[in-house]
1. Is the shape of the stretch 94-141 rounded, prolate or oblate, going by the alpha carbon gyration tensor and its root eigenvalues a ≥ b ≥ c, with a/c under 1.5 for rounded and a/b larger than b/c for prolate?
2. Check cross-link reach from Lys111 to the lysines: straight Cα distance under 24 Å, and skip same-chain residues fewer than eight apart.
3. What distance in nm separates the two pseudo spin-label positions at Arg80 and Asp138, each 7 Å out from Cα along the beta-carbon direction?
4. Between His98 and Ser113, how many nm apart are label points set 7 Å from Cα along the C-beta direction?
5. What shape does the stretch 33-157 take by its C-alpha gyration tensor, where a ≥ b ≥ c are the square roots of the eigenvalues and a/c under 1.5 counts as rounded, a/b above b/c as prolate, and the rest as oblate?
6. Could you list Thr107, Thr70 in order of exposure, starting from the residue whose Cβ has the fewest other Cβ atoms within 10 Å?
7. 7 Å from Cα along Cα→Cβ at both Arg156 and Ser36: what's the point-to-point distance in nm?
8. Given 0.36 nm per residue, what is the gain on full extension from Leu49 to Ser149 after removing their alpha carbon distance, in nm?
Amino acid sequence: MNFVLALLLLLPAQSSPSTSRESGWRGIVPLHSKRSEVENILGPPAETLSNSVLYRTKDGTVLIFYSKGTACGTKGSGWRVPSDTVIAIDVNLGPGHHLSKLNLDETKYTKKSGGHRPEDIYYVNEERGEVLRVFNGDVMDIHYGPKSSDKDLKCRP
């Protein structure tokens, strides 16, 4: 699979507000999509962990985290959503997926440094719930979490 096609599959285009880029990853939306919807889209996972599942693609791995559905104030709760609701998606790409190939509108992202390595650069878009981690120009992983418009679903301390 060529590089451009791989990116199109992993990061849908930004040209239309109705694209899955605006609403999670491949139509899977944190705090809104259920496990059954994920499995309808992606099929059965390669591995099932305690509150997450792992999918393998030609370009990396996808880890999808689910809510336990526990009440706010209970250990492990963070969001007021039912059990088996997607709460986050991590797409781990590894080297070879250069940021310049994404045609990312950097004006829509806050750029931060630090993290695991001082050389890591994070592109954060809270409105979309996206965080891209870039190392030496390569997009290493993309985190899809709740959008800023969903913050009302967060458990309050």
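Bear in mind that the values in this text are calculations on the coordinates, not laboratory data. Model, not experiment: these values are computed from the prediction. Neighbour counts are summed over all protein chains in view; Cβ atoms, including those assigned to glycine, are modelled from backbone coordinates with ideal geometry.
1. In terms of gyration-tensor shape, oblate.
2. Within reach: Lys101, Lys147, Lys151.
3. 4.3
4. 2.2
5. On the way: a/c = 2.08, a/b = 1.37, b/c = 1.52.
Here the stretch 33-157 falls in the oblate category.
6. So the residues, fewest neighbours to most, are Thr107, Thr70.
7. Calculated label separation equals 3.2 nm.
8. Residue separation times 0.36 nm, minus the Cα-Cα distance, leaves 33.1 nm.
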